[in-house]
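The structure appears right after this line, and notes come after that.
The values are calculated or read from the model by the stated rules, or taken from the named source; none is laboratory data. Just so you know, these numbers come straight off a predicted model, no measurement behind them. All Cβ positions, glycine included, derive from the backbone under ideal geometry; neighbour counts span all protein chains shown. What goes into the accessible areas is simple: the full protein's heavy atoms, side chains included, and nothing from ligands, DNA or RNA. Shrake-Rupley method; radii C 1.70, N 1.55, O 1.52, S 1.80 Å.
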Amino acid sequence: MRDILNIGKSGMQSFQEKTDILSNNIANVNTEGYKRINKSFIELVRTEAGHLGTPLSEDLNSEKRIMSSGAKTSSEYRDFQQGALIQTNDRLQLAIDGMGYFGVEDSNNQTLLTRNIRVSISGNGNLVDQNGLKIIMTEQRNLSRYSNEDLEVSESGGIFIKEGGAKVGQLTLFKPENEQRLLSVGKGYYGNPDSMAITQSTGRERSFGNIRQGYKENSNVDLGEEIVELIITQRAYQMNSKSIEAADDMWKTANNLRG
Amino acid sequence: MMRALFTATSGMIVQERKQANVMNNLANVQTVGFKVEDLITKEVQQSTLQNRERLETGESYMREIGKIGFGTQIDKLFVDFEQGMLEETHRNTDFAIDGEGFFKIQWNENEIGYTRNGEFQVDLNGYLCTLEGKRVLGREDQPIRIGSNEFVVEEDGRILVDGIQRNQFQIVTFDTIEELNPLGQSVYSIENGIEVDVNNTKILQKHLEKSNVNPLEEMVKMIEISRTYESNQRIIQSLDRVLEKSVNQVGRV
């Protein structure tokens with residue numbers, strides 16, 4: 001009787017975990033560059049019936065795994081589909097229309113990837129993002145004599161000075177071999193913990209995506225989809241709690257054998 | 001009398017297993033590629049009752065009274081392989097089989113598993129595997145190596161990376177589909193099964209096959225189970241009362 005209560009428990013627990021994930025997605029529906037998380041369900045491994053004292057017919061091989069044990073959730077994975085690009089009044093805000101990533105260097109000289117950056121010129125003439133991290137680019141000139149307002153970014157990632165049109169840099173875009181292996185490190189940055197191959201865009205920027213100046217990428221959470229999923233999950237949770245109730249009633253019945 | 005007690009007990013144990021089965025179906029109502037299961041029960045084989053009687057001459061002989069069954073037992077596990085609903089997703093590594101057939105995966109070193117759960121991922125070495133890390137098999141039962149996450153799968157199962165065919169899903173089915181044994185994780189194995197190629201089956205990329213559990217049916221089954229369980233308990237109770245009478249009242253002076 002105890003093992004069947006555990007089956008219901010495993011179900012409730014999985015749906016609980018799914019609810020956590022869904023709430024996190026819903027809470028981030030307006031977070032720039034947020035990629036929705038998903039979690040899937042997996043049936044648990046089964047056992048044989050032979051040793052449980054269950055009456056089995058002669059035709060049934062007692063090694064057949066007819067005893068099921070419930071469900072669990074898979075590990076989380078992200079849905080890296082592109083979110084909607086939203087126009088902003090900030091001309092220094094850059095987003096990518098395509099599957100590439102911007103690269104920035106953190107304080108340990110590690111490359112972090114991100115989908116949204118707001119460029120500005122730092123004190124020593126580098127191009128940095130909103131958190132002061134150096135943006136990875138080529139053909140870079142010292143920018144200390146220009147101001148932020150002078151910058152103009154082309155669709156292919158070239159950085160120009162508005163007056164005169166001099167090219168002062170070229171943004172490098174990155175494409176990881178397998179996005180699922182990126183690790184979110186917060187603030188919309190992704191690290192590369194198991195150093196997988198990441199291709200750089202040098203010379204073929206367009207195939208990595210078009211840069212949109214004055215745009216930011218919103219989260220790719222579809223609120224409708226999440227809410228529907230949430231309703232289904234809650235109902236499934238409820239159903240599993242009912243099944244535990246029923247199993248509990250059965251146990252009670254067994255306990256009342258001697259009235 | 002004692003025999004009847006065990007008959008009713010077998011009923012209770014079997015109903016408990018059936019409840020476990022329903023609870024597992026309900027826990028997997030959202031599990032990709034899960035197939036609803038049912039425990040089929042049957043009566044324990046009937047025995048013939050005989051009574052020894054004596055003729056007027058004093059000779060004894062056996063008279064057949066009739067047949068009687070002694071309770072119930074689990075006969076088999078029935079898996080309903082009916083196709084679940086296909087749902088569109090955004091992932092490149094999500095696949096659904098529209099039509100009959102199974103994906104082949106390496107369950108363990110020397111066992112091949114069959115599944116309709118096409119929720120795959122690319123592992124660290126670039127192989128296509130299930131969410132639990134079991135590798136998916138392609139042509140000649142070799143694991144499918146893709147490398148990058150960017151690839152296209154045609155409806156006939158051909159896997160294209162940058163437009164070049166890399167491998168092909170091997171989708172097979174069996175004439176004796178009822179012989180498949182569930183291993184868990186929506187994977188099945190078969191002993192002495194002969195793989196048959198499938199016709200008119202389409203592989204859909206960015207789709208998943210949902211569980212085919214019908215919650216309503218399971219809830220009704222659950223009511224049926226708990227009532228049957230209760231009835232069996234009542235039978236034991238009334239047998240207990242009859243026994244009590246024969247022990248405490250019959251023969252009292």
Close pairs from the stretch B:142-161: first assigned by TED's automatic domain parsing to the domain that holds B:ILE97, partner open to solvent by 40 Å² or more (accessible area, probe 1.4 Å) and among the β-branched types (Val, Ile, Thr), Cβ under 7 Å, at least 6 apart
B:LEU160/B:VAL152
I need a count of the residues in the stretch A:78-93 that are within 7 Å of chain B (Cβ to nearest Cβ) and not charged (D, E, K, R).
1
Return the residues of the stretch B:8-46 that are free of Cβ contacts under 8 Å to residues at least 40 places away in the same chain and assigned to a loop (DSSP other than H, G, I, E, B); say none if nothing qualifies.
B:VAL44, B:GLN45, B:GLN46
Taking the condition outside any strand (DSSP E or B) and over 30 Å from A:PHE41 (Cβ atoms), does A:THR202 pass?
yes
Counting only strands (runs of 3 or more DSSP E) entirely within the stretch A:63-137, those with at least 3 residues that are not hydroxyl-bearing (Ser, Thr, Tyr) are A:85-87, A:93-97, A:101-105, A:116-118
Determine, yes or no, whether A:THR54 is at pLDDT below 90, open to solvent by 60 Å² or more (accessible area, probe 1.4 Å) and among the hydroxyl-bearing types (Ser, Thr, Tyr).
no
Inside the stretch B:97-169, counting only strands (runs of 3 or more DSSP E) that do not spill past its ends, which hold 2 or more residues that are under 30 Å from B:GLU82 (Cβ atoms) and open to solvent by less than 10 Å² (accessible area, probe 1.4 Å)?
B:103-108, B:111-115, B:118-122, B:128-130
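So that you can scan it fast, the table gives a plain yes or no per residue for (1) over 30 Å from B:ASP240 (Cβ atoms); (2) open to solvent by 40 Å² or more (accessible area, probe 1.4 Å); (3) assigned to a helix (DSSP H, G or I):
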site	(1), (2), (3)
A:PHE174	yes, no, no
A:ARG206	yes, yes, yes
A:ASN220	yes, no, no
A:MET239	yes, no, yes
A:GLU245	no, yes, yes
A:ASP249	no, yes, yes
A:LYS252	no, yes, yes
Inspect all residues belonging to the stretch A:35-47 and state whether any of them is at pLDDT below 90, assigned to a loop (DSSP other than H, G, I, E, B) and surrounded by fewer than 17 Cβ atoms within 10 Å (Cβ to Cβ).
yes
